[in-house]
1. Name every residue in the stretch 39-74 that is under 20 Å from the mean Cα position of the chain (by Cα) and either in contact (Cβ under 8 Å) with a residue 60 or more places away in the chain or farther than 19 Å from Ala24 by Cα (or both), in order of residue number.
2. Quick check on Arg16: is it of a type in the set (Lys, Arg) and under 14 Å from the mean Cα position of the chain (by Cα)?
3. Can you find even one residue in the stretch 25-36 that is in a helix (DSSP H, G or I), in contact (Cβ under 8 Å) with a residue 24 or more places away in the chain and hydroxyl-bearing (Ser, Thr, Tyr)?
4. Go through (1) more than 27 Å from Met1 (Cβ to Cβ); (2) surrounded by 13 or more Cβ atoms within 10 Å (Cβ to Cβ); (3) of a type in the set (A, V, I, L, M, F, W, C) and name the single condition Phe30 misses.
Amino acid sequence: MNLREILPIWWAWQWRVIVTVLLANLTIGFLLGFFGALLGLSKESLLIISNLLSLAVTIYASIYFLAYVFERFHIYVPRELDEYRKAAIK
């Protein structure tokens, strides 16, 4: 594959991840800030919690949308090792 074939696939995946993570982080930050202030949590603990939640959301969104793009572009990923061997022989 060359860059002209890979770039649309990468962009179809990447923009979805960027938008989802941005919106999720804004929501998480707002809710943690609001409820953290009500509960009297320190800024350091809120920062740690928000970073961990942001990491979890980013990983989940990245994997979810990668699978979505694979399906959309009909990129076949064999599930068993025998299928890899069969593909290599062809």
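1. Correct list: Ala67, Val69, Phe70, Glu71, Arg72, Phe73, His74.
2. yes
3. No: the stretch 25-36 contains no residue that is in a helix (DSSP H, G or I), in contact (Cβ under 8 Å) with a residue 24 or more places away in the chain and hydroxyl-bearing (Ser, Thr, Tyr).
4. With respect to (1) more than 27 Å from Met1 (Cβ to Cβ); (2) surrounded by 13 or more Cβ atoms within 10 Å (Cβ to Cβ); (3) of a type in the set (A, V, I, L, M, F, W, C), Phe30 is out only on (2).
Values quoted throughout were computed directly from the atomic coordinates according to the rules given, and no laboratory measurement underlies them. Worth saying up front: this structure is predicted, and the values here are computed from it rather than measured. Quick reminder, even Gly has a Cβ in these numbers, built from the backbone with ideal geometry, and neighbours come from all protein chains shown.
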